[in-house]
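Each remark here refers to the structure printed beneath this line.
The values are calculated or read from the model by the stated rules, or taken from the named source; none is laboratory data. Quantities reported herein were computed from a predicted structural model and do not represent experimental measurements. Neighbour counts are summed over all protein chains in view; Cβ atoms, including those assigned to glycine, are modelled from backbone coordinates with ideal geometry.
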Amino acid sequence: MRFKSSISEIDAQIDKLREKRRNLIVKANERFARAAAKAGLVELEIPDKELDTIFEEVAARFQEAGTNSTGTSS
């Protein structure tokens, strides 16, 4: 069993993880964009500051409800 990795192997793993992170962020952004479009929010003139507040309230609501990422109770 090999315990030591070379620096280049570690760098390659880091690059793969960064790419995976980027892909997850893109998918999450697309998911929220679809939901906003479906709800008609893209047609409304809502200031960014107000959107930030609204999303913080929604996040708090789900965090307080004790739900996980699948929407089921934990």
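The table below lists the values:
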{"read-out": "Filtered residues of region 56-74 (kept if surrounded by 10 or more Cβ atoms within 10 Å (Cβ to Cβ) and modelled with pLDDT under 90)", "value": "ALA65, THR67"}
{"read-out": "Residues that are surrounded by 10 or more Cβ atoms within 10 Å (Cβ to Cβ) and modelled with pLDDT of 90 or more, drawn from region 37-49", "value": "ALA37, ALA39, ILE46"}
{"read-out": "Any hit, region 22-37, residues being free of Cβ contacts under 8 Å to residues at least 12 places away in the same chain, in a helix (DSSP H, G or I) and more than 16 Å from the chain's Cα centre (by Cα)", "value": "yes"}
